Amino acid sequence: MHTSAPPANPLRFKSPARLVAEAGHDRQGHGLKRTMGLFQLICFGVGAIVGTGIFVGLSDSVAQAGPAVVVSFILAALTCVLTAFSFAELGGAIPVAGSSYSFAYAGLGEGAAFLVGWCLLLEYGVSVAAVAVGWSQYVNELLHSLTGHQLPHVLSAGPADGGAVNLPAVLVIALACVLLVRGVRESARATAAMALLKLVILLLFCAIGFSAFRAGNLLPFAPDGLGGIGAGTTAAFFSYIGFDAITTAGEEARDPRRSIPIAILVCIGLVTVLYCAVAVAATGAVGGDRVGGRPAALSYVVNEVTGSAVGGGIIAFGAVVAIASVVLAVLYGQSRILMSMSRDGLVPGVFARVSPRTSTPVAGTLIIGVVFAVPAAFCSLDAVVGLCTIGTLATMAAVNAALMVLRRREPDLPRTFRVPLYPVLPLLGIGCCVYLMYETGWAAWAQFAAFLAAGCALYATYGRRRSRLS
């Protein structure tokens, strides 16, 4: 009598050597191509990070912290830097497409890895949808500066915002999917070009903002005290989401063990300096009270300083390019994570199929694009931004924990980069993540508990029974 194999043990783990050995090809033998160099990885990281968080979310952070938003950006960056060290070590030691999911599989076991992948689906899904909605705002700003007209509200906002469907948000996701399925070389070139352009635009904004800088505009510096700075830090953290996407290029980078750690640390340092400069320039030019809560705040600041809509139009154009590159980079990362989970049997096999013509997971990318386009088109995402933040922080805490476990379990694992001051920095990283998770509030915690419960049920009924780990 035939009996099925017992379900997999959720505590068993996959060794780093096996993760690396199994990477690179689907079950038909079609594989990814190593075409990305260090410069492209850095541009990819900048492309994944710099977008809606600074072009749209700055006003939310300023509304919480006032001019002290610069402190909030530094504190949020500190949390990311502490975890970025762990990503750098693990990304160099385990250069595979699964990123945090694969690191958790090696260090914390299959059950934890599935929940990390589940949280990454939330992180990338909500962030892509939110970024696409922000792109729609700046498309309208750009059209207004060029023609004096905007898209009809019914076609540029979802029902929750008084419209019917957000067509620009759907369009930017569709364009990103088309570019991604054409091949990683084309995607990397487009991302590099867009990353350089948005850096130039933000530096131009800083030059304009600092030309009108008045120290008095920074007072009161922290109108709501430490509580406002803490709330601003949680809001500012959303601006850094995406740096971990660099590690999803582990199977398409030419020298991943060397280039991934360098790319992660360079990106975090560069973005932090840029964010702080933009925050000081914006609040110093017109005052925190006029920046906080204002849509398309950067264009507003430039228009106020120059007395013309031309400068704001240039900033709006930069935002359109910047935000599009985030959609491209995050969709790329999500498709690679699901591809890794599919190889392990934890999600359907369609996500692991690699096209022999383009060497990309075409079917998986298109499915992800359709799924993420629905909330972008119809939903208001304000209510789930806190949930996205808490899920991202939980994933980052898991990466720090996985690093510490692997230091003990795999002391001889080849590491091209090692976290300094170990174990102090990983422990601080976990502590900072837990603090910011607490700051998201009880509503986000309730949403997160329900989301984790759904993930546990999905693993128990599907992933655990179909796991290929023997």
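Taking 0.36 nm per residue of separation and subtracting the Cα-Cα distance, what length does fully extending Val371 through Val350 add? Mind showing how you got there, number by number?
On the way: separation 21, 0.36 × 21 = 7.56 nm, distance 1.45 nm.
Stretched fully, the Val371-Val350 segment lengthens by 6.1 nm.
Can you list residues from other chains, or at least 5 along the same chain, whose modelled amide H is less than 5 Å from the amide H of Ser355?
Thr360, Val362
With θ set to phi - 60° and the Karplus curve 6.51 cos²θ - 1.76 cosθ + 1.60, what are the ³J(HN,Hα) couplings of segment 269-281 in order, to the nearest whole Hz, using x for Gly and Pro?
With the stated coefficients, segment 269-281 comes to x, 5, 5, 4, 4, 5, 4, 4, 5, 5, 5, 5, 5 Hz.
At R0 = 41 Å, how high is the FRET efficiency between Val154 and Arg254 if r is their beta carbon distance? Nearest 0.05 is fine. All intermediate terms of the calculation are to be shown ahead of the outcome.
Working: r = 48 Å, r/R0 = 1.16.
After rounding, the FRET efficiency stands at 0.30.
Please report, largest first and rounded to whole Å, the three semi-axes of the ellipsoid equivalent to segment 401-454, where each semi-axis is the square root of five times an eigenvalue of the C-alpha gyration tensor.
30, 15, 7
Let me see the P(r) profile for segment 369-436: every Cα-Cα distance counted, bins of 5 Å, each bin given as a percent of all pairs.
3, 14, 18, 16, 13, 10, 9, 9, 6, 1, 0
For the chain, taking Cα atoms only, what is the radius of gyration to one decimal and the Dmax to the nearest whole Å?
When restricted to the Cα atoms of the chain, Rg and Dmax are 21.6, 83 Å.
Starting from the amide H of Met36, placed 1.01 Å from N in the peptide plane, find each other amide H under 5 Å away whose residue is 5 or more places distant or on another chain.
Ala253, Arg254
Multiply the residue separation of Phe39 and Ser380 by 0.36 nm, subtract the distance between their alpha-carbon atoms, and state the gained length in nm to one decimal.
Here the segment from Phe39 to Ser380 would lengthen by 119.2 nm.
Determine, for each peptide in 61-70, 138-147, the mean count of other beta carbons within 10 angstrom over its residues, then list the peptides with the highest first.
In decreasing order of mean packing, 61-70, 138-147 become 61-70, 138-147.
Over all directions, average the projected area of the Cα convex hull of segment 146-187 and note it in nm².
4.2 nm²
Extending each Cα 7 Å along its Cβ direction at Arg468 and Tyr435, get the distance between those two points in nm, one decimal.
The answer from the label model is 4.3 nm.
Rounded to the nearest 500 deg cm²/dmol, what is the calculated helix-only ellipticity per residue at 222 nm for the chain, with -39500 (n - 2.57) per DSSP H run of length n ≥ 4?
So the calculated ellipticity at 222 nm is -22500 deg cm²/dmol.
Modelling each spin label as a point 7 Å along the Cα-to-Cβ direction, I'd like the Arg408/Leu146 distance in nm, to one decimal.
Between Arg408 and Leu146, the label points sit 5.8 nm apart.
Return one quarter of the surface area of the convex hull spanned by the alpha-carbon atoms of segment 204-360, equal to its mean projected area, in nm².
Computing the convex hull of the Cα atoms and averaging its projections yields 12.8 nm².
FYI, it's all coordinate maths here, none of it is from the lab. Computed from a predicted model, the values in this text were never measured in an experiment. All Cβ positions, even for glycine, are placed from backbone atoms using ideal geometry, and neighbour counts span all protein chains on display.
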